[in-house]
Amino acid sequence: MPASRAPETVFDRCLLVGECLEWQGAIRSDGYGSVGFNSIHRKPHHVAFAVSYGFSLDEMRVFTKELGLYVMHTCDNRRCINPCHLILGTASDNAADRSIKGRSRSRQGGCSGRAKLTEESARSILSDQRPTRDIASEHCVSMSTVQRIRNGSQWSHLVKEESNSNY
């Protein structure tokens, strides 16, 4: 988007999906949108919040960068820029919202969105006495992943369960 455009144009690049106004422009690797104004990349939901509630983009930068406030989505859709779905909150508010909605980063094992193994596979690796290379090859993971499971730095809840069951 050219720097000469006004922040209000953020709404020109969205699509109504259900009740959400979904950003149709660039999407960052974390799932949030990205839009440039005056050579500064910003999250479109921050721009939409500023425009809708009468703040300048500089004020939004102060809120989010200096005061540590978050523009939170009540709809849990990172691409949504519907002002009715956006609220300002603290880090604690954001963490509580994540926890209540079951999106906490503390998800373990197979519940983690990044897990490549099932809990059953991790248990199998933990109890397997074969050489690390053979186990890694069988489960299509690196040898360091097998070592981390065995030493408890990954899938640590299984290592704790295993040590508790030995008593």
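The values are calculated or read from the model by the stated rules, or taken from the named source; none is laboratory data. Not measured: the values here are computed from a predicted model. Heads up, the Cβs are rebuilt from the backbone with ideal geometry, glycines too, and the neighbour counts pull from every protein chain shown.
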- Given (1) small (Gly, Ala, Ser); (2) under 15 Å from the mean Cα position of the chain (by Cα); (3) closer than 30 Å to Gly152 by Cα, Gly33 misses just (3)
- So how many residues does the stretch 75-94 have that are within 15 Å of Ala50 (Cβ to Cβ) and in a strand (DSSP E or B)? 3
- Item | Every pair of residues 6+ apart whose Cβ atoms lie under 9 Å, when the first sits in the stretch 116-137 and is on the phi < 0 side of the Ramachandran plot while the second is of a type in the set (Phe, Trp, Tyr) and surrounded by 15 or more Cβ atoms within 10 Å (Cβ to Cβ) | Leu117/Trp155; Glu119/Trp155; Ala122/Trp155; Arg123/Trp155; Ile125/Trp155; Leu126/Trp155
- Query: In the stretch 1-65, which strands (runs of 3 or more DSSP E) lie fully inside it and hold 3 or more residues that are of a type outside the set (Asp, Glu), out of contact with any Cys (no Cβ under 8 Å at 6 or more places or on another chain) and touching a residue at least 24 places away in the same chain (Cβ under 8 Å)?
  - Reply: 33-37
- Message: Restricting to the stretch 43-67, give me the number of residues that are modelled with pLDDT under 90, closer than 14 Å to Pro7 by Cα and either crowded, with 18+ Cβ neighbours inside 10 Å or under 20 Å from the mean Cα position of the chain (by Cα) (or both).
- Response: 1
